[in-house]
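Down below is the structure, laid out as structure tokens.
Just so you know, all these numbers are worked out from the coordinates, no wet-lab data involved. Predicted, not measured: the structure shown is a model, and the values here were computed from it. We place every Cβ from the backbone using ideal geometry, glycine too, and count neighbours over all the protein chains shown.
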């Protein structure tokens with residue numbers, strides 16, 4: 001923007017320092033008879049360029065501006081050196097060198113701190129201002145390069161050389177560029193309210209192209225660095241291109257600023273118009289026999305007569321309604337009170353949907369929507385049966401716990417459909433504010449009811465199926481602990497009188513069927529966990545996944561992609577390949593994505609009218625999905641002592657892991673690697689301590705523990721591992737390493753150990769069994785207390801597996817190790833002392 005233009009005509013004015021665009025207090029600095037015409041012609045410019053320049057010049061450093069040839073600018077001089085220089089030059093030939101500083105923060109710059117290119121200037125006039133400062137009017141003549149410093153005191157003098165300029169070709173393109181610069185400068189002047197209109201006239205009257213570029217470069221709103229860069233350009237065309245770029249940027253900023261101001265002005269006009277119309281509407285309502293506040297009061301009173309609420313809520317509402325009647329409609333609290341009363345009227349006090357007690361229909365709905373999950377379905381049918389007999393049973397709080405993608409959230413919809421109830425869902429992941437559950441106090445600005453009450457209002461009934469999703473991911477911070485607020489919501493003995501801070505009166509949640517979902521119980525508040533009935537939703541077996549894919553996932557993907565039933569067929573072996581080679585999960589979310597990819601591959605063939613076989617083959621799967629992503633977890637053999645297969649539970653289901661133990665000569669040091677957690681490290685320490693204490697039981701020389709170092713490693717070091725279930729696996733690996741006895745083939749195990757030699761039960765058994773089956777493992781060692789978990793798995797899924805239940809660590813070793821030693825055992829001997 002040509003924001004700081006100082007245009008000098010026959011009569012030139014110096015703008016006041018207080019406001020650079022206020023010409024009211026301008027001072028005349030050149031008289032009418034001043035023989036100077038800044039709007040110079042090409043001839044004037046040529047004469048100026050041909051003027052002789054002294055070989056040595058005194059240098060006036062500039063901080064915040066750059067002087068261009070032909071341009072006249074006023075400069076306020078404040079430094080003692082600069083004032084002395086100006087006074088001496090003004091008495092002499094009035095020729096000085098003007099150079100900008102590299103760093104504007106330096107008060108007294110040296111020769112090295114000046115830019116290498118400056119401008120020869122002629123002092124036109126010197127003025128003493130009322131505030132004591134000295135102001136000089138200077139005009140640029142020619143550019144020069146600084147060579148060497150001649151003197152530094154009392155001011156800098158240097159030897160100079162003429163600045164060699166490259167001649168440019170004045171072709172059509174260059175003329176068009178100059179015309180564009182003129183036009184753009186005129187637009188900027190027109191858009192800028194602070195630039196005088198004379199600036200546009202000045203630009204039109206400039207004849208010299210070089211002076212035009214210098215004039216705009218000097219007065220445009222650009223950094224000193226950019227202006228110095230333009231001054232140092234030897235080619236006028238390149239300088240014109242840079243000016244064009246900077247002007248374009250400034251024009252865009254001005255246009256955007258004007259657009260914003262126009263929008264703000266439009267918004268204000270709209271507010272004034274709305275206010276005027278509202279005042280007219282109020283007047284019309286008063287002429288019709290009542291004002292708007294009276295009509296609102298009557299509407300609220302009329303709606304209240306139709307509500308079926310108890311005496312306490314009715315008295316509370318009437319009291320708040322009377323308070324509204326006493327309020328001035330113009331008061332700020334009036335709208336707050338209106339919103340509060342409307343919320344009380346919108347809540348479904350005592351309004352219930354009629355439950356469908358057809359248990360066979362409910363069973364059909366659950367079976368149709370979800371395959372497997374027998375335990376969950378049985379619990380819902382039990383709830384319906386009791387409700388059918390008793391009619392007023394308090395709804396239980398069910399918590400479905402399992403890995404992602406097993407259908408916990410979608411199960412809530414099926415339960416609502418089976419019960420013929422309304423369905424609402426509230427995602428709790430990441431909630432840290434207690435007010436999200438209990439609401440804000442009504443006196444706060446922007447107060448709102450909690451999400452529990454909002455969801456009940458949205459459902460329109462007091463007995464919906466309410467899914468509290470991801471309850472294990474509730475957080476807490478300085479705003480409160482939402483888990484503590486949920487204690488009242490999820491307690492069947494307390495939620496009949498749930499108190500929301502905004503509602504200010506109790507609301508009965510005892511008829512709501514709350515269903516919470518979680519991936520893990522470890523992060524749930526213990527008091528909150530105690531109020532819920534835990535139902536584990538474990539991962540699916542391969543057989544279950546195949547059935548789910550055929551009955552649910554494939555039809556759903558066909559419908560979403562516009563594919564007919566006959567257009568694609570997936571056989572069981574093909575689905576099994578997708579499950580084993582392209583997904584690794586307990587649920588079916590990843591499987592659904594892969595089936596969607598297969599369907600899209602067929603859709604592409606149909607859309608491109610290419611021939612294909614609807615019955616996809618294994619080759620088609622690899623062509624569409626690419627190379628297999630996962631290898632089956634195969635048993636690694638038992639030829640090396642100290643390598644044992646364990647079973648682990650992860651967030652995405654079960655998995656197998658290999659624990660390796662190796663011995664090396666040393667002093668009995670134990671090393672643990674593999675990104676192990678603290679609990680897993682403790683299991684290894686306990687296993688080694690037990691083995692040392694019972695070495696004779698396993699025919700191990702005690703001295704071996706002091707003369708051989710032990711290294712226990714769990715592969716896949718990038719994956720964090722923790723938990724106590726690898727205890728018996730650690731013990732077996734160490735015993736195998738010290739005795740060099742083989743581990744039985746196709747064997748895996750899981751269980752926690754103690755120093756007393758006991759084996760304790762662990763969780764995630766179903767997922768671990770599925771992982772063992774995927775790895776073709778036949779024998780599994782478990783704690784005897786885990787037998788109940790095996791009984792819950794369908795017998796058809798585990799018919800090929802042999803389970804060995806133990807209670808002592810000695811039993812584990814007897815079952816896991818053979819009497820045979822490895823072919824090339826380590827030379828485990830005791831060195832003589």
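Between residue 808 and residue 699, the FRET efficiency from the beta-carbon distance, with R0 = 22 Å, is close to 0.80. Relative to the longest principal axis of the Cα atoms of the chain, helix 172-191 runs at roughly 80 degrees. Quick check: the angle from helix 727-739's long axis to the longest principal axis of the chain, C-alpha only, nearest 10 degrees? Taking Cα atoms only, the helix is inclined about 80 degrees. Over region 400-482, Cα pairs under 8 Å with separation of 6+ residues give a relative contact order of 40 percent. Once the C-beta distance of residue 604 and residue 253 is scaled by a Förster radius of 30 Å, the resulting FRET efficiency is 0.05 to the nearest 0.05. Set against the labelled values [x] 9, 26, 30, 19, 10, 5, 1, 0; [y] 11, 23, 18, 24, 21, 3, 0; [z] 12, 33, 33, 18, 4, 0, P(r) over Cα pairs in 20 Å bins from 0, in percent computed from this structure falls on [y].
With 0.36 nm allotted per residue and the present C-alpha distance subtracted, the residue 87-residue 692 stretch has 207.9 nm of extension available. On the basis of the beta-carbon distance and an R0 of 41 Å, residue 364 and residue 745 show a calculated FRET efficiency of 0.30. Per-residue ellipticity at 222 nm from helix content only, as computed over the chain with -39500 (n - 2.57) for each DSSP H run of at least four residues, stands at -12500 deg cm²/dmol.
What is the fewest-to-most order of 612, 630, 383 by other Cβ atoms lying within 10 Å of their Cβ?
630, 612, 383
Normalising the average separation of contacting C-alpha pairs (under 8 angstrom, six or more residues apart) by the number of residues puts the relative contact order of the chain at 7 percent. Placing a pseudo-label 7 Å from each Cα along the Cα-to-Cβ vector at residue 493 and residue 318 gives an inter-label distance of 3.5 nm.
Give the separation of the Cα centroids, region 296-321 to region 397-421, in Å. Value for the Cα centre distance between the two parts: 36 Å. Extension gain, residue 675 to residue 821: 0.36 nm times the residue separation minus the Cα-Cα distance gives 49.5 nm. Against the longest alpha carbon principal axis of the chain, how many degrees, from 0 to 90 and to the nearest 10, is the axis of helix 765-774 turned? Roughly 90 degrees between the two axes.
Remark: spin-label model distance residue 754-residue 238 equals 8.5 nm, labels positioned 7 Å along the Cα→Cβ axis. Centroid-to-centroid, using Cα positions, region 709-781 and region 494-567 are 33 Å apart.
Report the antiparallel proportion of the DSSP beta bridges in the chain as a percent, rounded to a multiple of 5.
Looking only at bridges with both residues in the chain, the antiparallel portion is about 60 percent.
Is the C-alpha gyration tensor of region 643-821 telling us rounded, prolate or oblate? Criteria: a/c under 1.5 is rounded; beyond that, a/b larger than b/c is prolate, otherwise oblate. Prolate, because a/c is 1.5 or more and a/b exceeds b/c.
Grab the Cα-Cα distance for residue 65 and residue 381, subtract it from 0.36 nm times how many residues apart they are, and report the gain in nm with one decimal. Don't jump to the answer; show the numbers that get you there.
Numbers: separation 316, 0.36 × 316 = 113.76 nm, distance 8.50 nm.
Length gained between residue 65 and residue 381: 105.3 nm.
What spacing in nm lies between the two simple spin-label points modelled at residue 269 and residue 716, each 7 Å away from Cα in the Cβ direction? Going from the residue 269 label point to the residue 716 one covers 6.7 nm.
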